[in-house]
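Asker: Dropping a structure here in structure tokens format, bear with me for questions.
The values are calculated or read from the model by the stated rules, or taken from the named source; none is laboratory data. Remember, predicted model here, so these are calculated numbers, not experimental data. No Cβ is skipped: glycine too gets one built from the backbone with ideal geometry, and neighbour counts run over all protein chains shown.
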Amino acid sequence: MAAETKPLMPKATAVWLVDNTGLSFEQIADFCGLHPLEVKGIADEDVAKGIKGMDPVTTGQLTREQIEEAEKNPKVRLKMAAPKHKMPNVRLKRAPRYTPVSKRQDKPDAVYWIIRNHSEFSDADIIKLIGTTKATIQKIRERSHWNATNIKAVDPVTLGLCSQLELDLAVTRAAAKHERAQKRAAKKGATLKPVSESLAPAPAPAPAPDTVEMPPDSDEWKLSSELEQD
């Protein structure tokens, strides 16, 4: 069951209710999420000194009818009024993985290890696991990184860039994604030939096996020529 919503400014709301309504301390405490003794301290001006009261009616958190009904019956408990406008759910963008400064120099080693040992990893998978950039990954693949001569393949778990559980989970997901891609490619069938193969000239036909050309100086060629002249 979801937790009950409380006022945005509970003490300021309690100050206003104490000063402007005849609600009991228990009713105000229950609505604002405070202790009854704390509400009594507000009434005695021992608590929340200097806090300006906030009207929950004008802010849409309570209705005047609810307050009047609760004032008549101390057993009635106030509830947050339903919002007039439904706010859309906001999907928070996941923050990039944070890596301590002392470990950032180890990222290229971890990236190189993944490239060598897990070819099924895409750049996005590496970025999500290690917290690097696509440009850095590309330079390491091409061996054009400024520190390429010193980059060694080191397990990211050993370097402390991720946990073994996170690595295992990333490997499982990457393998499943790679397998799905292969299945989709197999369903599409054979791919088209490259342009160089499609436009290449057809090879010349081989001569028939029973056709033999005779050189002009052979005896057979001379005999056939004499017969043609006769």
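Asker: Does Thr136 satisfy the condition of being modelled with pLDDT under 90, more than 30 Å from Gly22 (Cβ to Cβ) and surrounded by 15 or more Cβ atoms within 10 Å (Cβ to Cβ)?
Answerer: Taking the combined requirement at face value, the residue does not satisfy it.
Asker: Taking segment 16-73 on its own, how many of its residues are under 17 Å from Lys6 (Cβ atoms) and assigned to a helix (DSSP H, G or I)?
Answerer: Summing the residues that are under 17 Å from Lys6 (Cβ atoms) and assigned to a helix (DSSP H, G or I) in segment 16-73 gives 18.
Asker: Quickly run through segment 58-75 and pick out the residues that are over 45 Å from the mean Cα position of the chain (by Cα) and surrounded by 15 or more Cβ atoms within 10 Å (Cβ to Cβ).
Answerer: Correct list: Ile67, Ala70.
Asker: Given (1) assigned by TED's automatic domain parsing to the domain that holds Leu17; (2) surrounded by 15 or more Cβ atoms within 10 Å (Cβ to Cβ); (3) at pLDDT 85 or above, where does Ala48 come up short, assuming only one miss?
Answerer: With (1) assigned by TED's automatic domain parsing to the domain that holds Leu17; (2) surrounded by 15 or more Cβ atoms within 10 Å (Cβ to Cβ); (3) at pLDDT 85 or above applied to Ala48, the lone miss is (3).
Asker: Do you know which of the residues in segment 139-173 that are β-branched (Val, Ile, Thr) and free of Cβ contacts under 8 Å to residues at least 40 places away in the same chain is surrounded by the fewest Cβ atoms within 10 Å (Cβ to Cβ)?
Answerer: Thr149
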